């Protein structure tokens, strides 16, 4: 019975992630969310928009099992923990570098993500 439940879960997760690539219903995916690990530097993130464009949950949720994706800050805390980068390091590496590499909206200026700041340093 446990094997059947595990297999069903894996199949459901695979279908869910495959459906993202095919433009399926994304209503189960949160829309715009606030990333507030650092209260003075919140970032509004269009989760559903990214899921639709990228189509591969593992691109960002790289350590989670399909269908059981964790939030970034569940692993990436405010400060580095052993080999796990801090939230800031992880977001700047993965998010900013992806946008800069693919020449998308974000070009590297702090204000592009951190709307409330006026300086160029986070």
Enumerate the pairs (first residue in region 58-73 and more than 19 Å from residue 86 (Cβ to Cβ); second residue anywhere and modelled with pLDDT of 85 or more and part of a loop (DSSP other than H, G, I, E, B)) with beta-carbon separation below 8 Å, excluding pairs fewer than 6 apart on the same chain, so at least 6 apart or on different chains. 69/61
When region 22-39 is checked residue by residue, the ones that are under 24 Å from residue 102 (Cβ atoms), at pLDDT below 80 and in contact with a helix residue (DSSP H, G or I) (Cβ under 9 Å, 6 or more places away or on another chain) are 23, 24, 26
Considering only helices (runs of 4 or more DSSP H) fully contained in region 40-122, which possess at least 2 residues that are modelled with pLDDT of 80 or more and closer than 18 Å to residue 26 by Cβ? 47-54
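Quick grid of which residues meet (1) under 12 Å from the mean Cα position of the chain (by Cα); (2) buried (at least 16 other Cβ atoms within 10 Å of the Cβ):
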site	(1), (2)
57	yes, yes
67	no, no
71	yes, no
79	no, no
82	no, no
Any chance you could count how many residues in region 25-38 are closer than 15 Å to residue 91 by Cβ, loosely packed, with under 14 Cβ neighbours inside 10 Å and over 12 Å from the mean Cα position of the chain (by Cα)? 1
Residue check, residue 86 farther than 20 Å from residue 34 by Cα and surrounded by 14 or more Cβ atoms within 10 Å (Cβ to Cβ): no
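The values are calculated or read from the model by the stated rules, or taken from the named source; none is laboratory data. Not measured: the values here are computed from a predicted model. Positions of Cβ are backbone-derived with ideal geometry, glycine not excepted, and every protein chain shown enters the neighbour counts.
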